[in-house]
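The values are calculated or read from the model by the stated rules, or taken from the named source; none is laboratory data. All values reported here derive from a predicted model rather than from experimental measurement. We place every Cβ from the backbone using ideal geometry, glycine too, and count neighbours over all the protein chains shown. Just the protein is used for accessible areas: all its heavy atoms, side chains included, with ligands, DNA and RNA removed. Shrake-Rupley method; radii C 1.70, N 1.55, O 1.52, S 1.80 Å.
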Amino acid sequence: MGTSVLSVRIDRELLDRLRHHAAKRGMSVQDYVVRTLIRDDFDERFQAAVEETERFYGVT
């Protein structure tokens, strides 16, 4: 899998908050944001799989 660049403009307050959260985890802001996006994407895909399974088995 290749990589691409995404440039995002955010205000200083949000960047400071991201730096703080990343520093607590010993991560760079870039790594923190990427991991957050990956986690959110996984959560959405997992929830969709659970819902599909429940529909398949008729669980309400």
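Scan the chain and hand back the longest stretch that contains none of the trypsin sites (Lys or Arg not before Pro) lying in DSSP loops with at most 14 other Cβ atoms within 10 Å.
Details: sites that count: 9, 25.
Excluding the exposed sites themselves, the longest stretch runs over 26-60.
Rolling a 1.4 Å sphere over the protein heavy atoms, what is the accessible area per residue of the chain, to the nearest Å²? Let's see the in-between values first.
On the way: 5890 Å² over 60 residues.
That works out to 98 Å² per residue.
Given the whole protein assembly as supplied and a 1.4 Å probe, what does the accessible area of residue 52 come to in Å², nearest 10?
Here the residue's solvent-accessible area equals roughly 100 Å².
Can you give me the % of accessible surface on the chain that is carbon or sulfur? Probe 1.4 Å, all protein chains present, nothing else counted.
Working: 3190 of 5890 Å².
Of all accessible area on the chain, carbon and sulfur atoms account for 54 percent.
Tilt of helix 29-57 relative to the longest C-alpha principal axis of the chain, in degrees (0 to 90, nearest 10)?
10
Using helices alone, what [θ] at 222 nm do you get for the chain, with -39,500 (n - 2.57) per DSSP H run of 4 or more residues, divided over all residues and rounded to the nearest 500? Provide the component values of the computation, followed by the final result.
Numbers: 2 runs with 42 residues, N = 60.
Helix contribution divided over all residues of the chain: -24500 deg cm²/dmol.
With axes computed from alpha carbons, what is the tilt in degrees of helix 12-24 against the longest principal axis of the chain, rounded to the nearest 10 within 0 to 90?
For 12-24 against the chain, the angle is about 70 degrees.
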